[in-house]
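Asks: One structure, pasted below without further comment.
The values are calculated or read from the model by the stated rules, or taken from the named source; none is laboratory data. Just so we're clear, the structure is a prediction, and the values are computed from it rather than from any experiment. Because the Cβ atoms are built from the backbone with ideal geometry, glycine has one as well, and the counts that use them run over all protein chains shown.
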Amino acid sequence: MNTPNNVLLLRTLEENLPKSAIQDDNYEEWARAVRALNDAFRLSFTSTELYCSPAVIKLDYNDQSNILDRVRNFRGFTEDNDPDMTHKFGSIEYEKQRFVWEIIYLDGDGNHESNDPLNLNLTKRYMMVMLEEEWWDNLPESDS
């Protein structure tokens, strides 16, 4: 994934899940397994790539560190802000500004969406942390 232009946008729950997970009665088990992988990544920022928006990058190191610590420590998931129960999105307040983050699942090359977020051989997790007003549609064009 070279530029923000290649990032997938949020879609409906049904579009994000493999058809078998939607049709099976095992959705809660599937979501629990995905949630565990997402939480493990978010707590350690390992086995994936972390991206920050231009506004986050412009902040000094201490502010960046504080924001990422709040992302790591976020526990405020509810049915309203996490309807698919996978902990792939959240928001935090810092210095009177709202920051959001999202985990997306791409194939090993980072070029296409992965349909199987549980298969670590096929799926790589990416996270973007940004100001709420920078949400995907509002990120500036990349110079590269």
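Asks: Name the one entry in Phe77, Phe89, Phe99 that is touching a His at 6+ places or on another chain (Cβ under 6 Å) and modelled with pLDDT of 90 or more.
Replies: Unique residue meeting the criteria: Phe77.
Asks: Is at least one residue of the range 49-58 under 23 Å from Trp30 (Cβ atoms) and modelled with pLDDT under 95?
Replies: no
Asks: Restricting the first residue to the range 94-110 and requiring it to be without any contact (Cβ under 8 Å) to a residue 24 or more places away in the chain and closer than 16 Å to Arg42 by Cβ, which pairs with a second residue that is buried (at least 22 other Cβ atoms within 10 Å of the Cβ) and among the charged types (D, E, K, R) meet a Cβ separation below 8 Å and a spacing of at least six or different chains?
Replies: Here the result reads Tyr105/Arg125, each pair linking the range 94-110 to a residue that is buried (at least 22 other Cβ atoms within 10 Å of the Cβ) and among the charged types (D, E, K, R).
Asks: I'm trying to understand the selection: among the residues of the range 24-71, which are more than 17 Å from Leu106 (Cα to Cα), in a loop (DSSP other than H, G, I, E, B) and among the small types (Gly, Ala, Ser)?
Replies: Ser53
Asks: So, Asp82, is that one under 15 Å from the mean Cα position of the chain (by Cα) and in a loop (DSSP other than H, G, I, E, B) or not?
Replies: Yes.
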